[in-house]
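Notes follow the structure.
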Amino acid sequence: MKTWICVALLLVLSVVSLAQNKSASETELKAALKDPSHKLWSDAAPAAFRVKFETSKGSFVIEATRDWAPLGVDRFYNLTRTGFFDDSRLFRIRANYIAQFGIAGDRAIAKTWQHQSFPDDPVKQTNLRGYVAYAMTGPNTRTTQIYINLKDNTNLDAQGFSPLGKVVEGMDVVELFYSDYGESSGGGMRTGKQDKMFEEGNAFLDREFPKLDKLIRAKVLPKK
């Protein structure tokens, strides 16, 4: 009888320990989201992984490959697992060109990450339809904004836009994102018209551009 009680007690303690570890992990992720200097941001991504994005038009999946752009993939991986992309907007959709996102919906988080640039990766892949890369204004200015090519944009290769992955599921969903606002709903990083998004977050976009599609959440998928 005593043996069974001991076994049961050990099982309970194990469950409690797992729950505490999970809670600590979630706490750490939340802390890292608010602090670009947090140690988590030095974590390397897996060699390859998939991220599922749930949006107001449906879901799509990006497969990232670390060998393509190690620094970019590490940032993408850690942004995803901290919840950076959750509840944000697909703010720059130019039909037959690109779909861009990656400014946090929470204005405090958006401002925290606005200027958190990191070094370039060499361009190893090409900007084909469905391939994904960071937006930037010049050398070593990538931050958190990401675009999906809606057509072959190979001219971007020579400008230093280094693909980090590609859409492997749901490209038909990506092509449905509302695009009539074009460059008016913030535009690209080079236009200098994104300040309101960083100052007000979703509140600005929802008020001025209510038809923009929503990025509900993004999560790293378990490895099969």
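Throughout, read-outs are computed from the coordinates displayed, never taken from laboratory work. What you see is a predicted model; the values in this text were computed from it and never measured. Ideal geometry is used to build each Cβ from the backbone, glycine not excepted, and the neighbour counts take in all protein chains shown.
Taking label positions 7 Å along the Cα-Cβ direction at both Lys219 and Glu183, the computed distance is 3.8 nm, reported to one decimal. Once backbone amide H atoms are built at 1.01 Å from N, Asp86 has Ala218 as its partners under 5 Å, excluding neighbours fewer than 5 places away on the same chain. Note on the chain: dipole from Cβ charges, positive end direction compared against Phe85, Ser59, Leu40; the farthest Cα belongs to Leu40. Note on Lys124 and Thr137: their simple-model spin labels are 2.9 nm apart, each label 7 Å out from Cα toward Cβ. Relative to the longest principal axis of the Cα atoms of the chain, helix 70-81 runs at roughly 60 degrees.
Helix 2-34 and the longest principal axis of the Cα set of the chain meet at an angle near 20°. For the pair Glu200 and Glu169, a Förster radius of 35 Å applied to the C-beta separation gives a FRET efficiency near 0.60, rounded to the nearest 0.05. For Ile98, nonlocal amide neighbours, meaning residues 5 or more places apart or on other chains whose placed amide H falls under 5 Å from its own, are Leu150. For Tyr131, the residues whose modelled amide H falls within less than 5 Å of its own, excluding neighbours fewer than 5 places apart on the same chain, are Asn149, Val167. Summing +1 for each Lys or Arg and -1 for each Asp or Glu among the other residues whose beta-carbon sits under 10 angstrom from that of Leu176 gives -2. For Lys151, the aspartates and glutamates whose Cα comes closer than 13 Å to its Cα, not counting residues fewer than 8 places off in the same chain, are Asp172, Glu175.
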